[in-house]
1. Taking the condition exposed (fewer than 15 other Cβ atoms within 10 Å of the Cβ) and either at pLDDT below 95 or at negative phi (or both), does residue 139 pass?
2. Among the residues of segment 142-156, which ones are more than 30 Å from residue 28 (Cα to Cα), surrounded by fewer than 17 Cβ atoms within 10 Å (Cβ to Cβ) and in contact with a helix residue (DSSP H, G or I) (Cβ under 8 Å, 6 or more places away or on another chain)?
C-alpha cells in the first residue's frame, strides 16, 4: 500500500461493505490530506486547530451509493474587516451520491441535446470497487467556509486613512461617510472618439 493511500484509508469505502447493509463510520482526518485545504494552509489563509471529525452513514440504493454525515473542526481565520486572527467552529452536514454511471439519464435524453457531467448533477463518479470520499468531503469543508470571516458581527474594521484598528478606539482621522457608491465616478472623463 502506498504512502498516499495509507493517509486516506478512512476516506475509502469498499463497495462490498455496502452490498447488504448500511455502513457507519466515525473518524478524524488530517486537513492536509485534502489538496485544496492543504494549499490554503500553506498560503497561510487559515490554520486548523484540530483534525476534521467526520461521522458518516453510507448505503446503497440500486446503482447509487449514498454517503450522508457531518463534519466538524475548528479553524483560525483572519477577519475580513480588521485582519485580526480569531478562532471559529466549522461544521457541515453533507449528502453525497456516488455512481459508476449515470443511471437512466442517457436512456431518456439524446446525448447531442445535452452535455452534462456526473459532477454537474451533484454526483461523483468512481471506478472499480472503491469509492474515494476525498474530493466530496473536501468540497463540503470548502462550502462550509464563511464567505466573509468576521471576528465579531460588530467589528468596525480598519481606518481607511491610517490603518488603525477601530475596535480599539477612534483614531481621530476625519472620515467622510460615502453616501453614494457611484460618487467617485462624477469626475470621470471618457474619451468620446
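1. No: the conditions fail for residue 139.
2. Of segment 142-156, the ones more than 30 Å from residue 28 (Cα to Cα) are 153-156.
Now drop any that are not surrounded by fewer than 17 Cβ atoms within 10 Å (Cβ to Cβ), which leaves 153-154, 156.
Within segment 142-156, just 156 meets the criteria.
The values are calculated or read from the model by the stated rules, or taken from the named source; none is laboratory data. The shown structure was predicted, so the numbers you read here are calculated from the model rather than taken from an experiment. All Cβ positions, glycine included, derive from the backbone under ideal geometry; neighbour counts span all protein chains shown.
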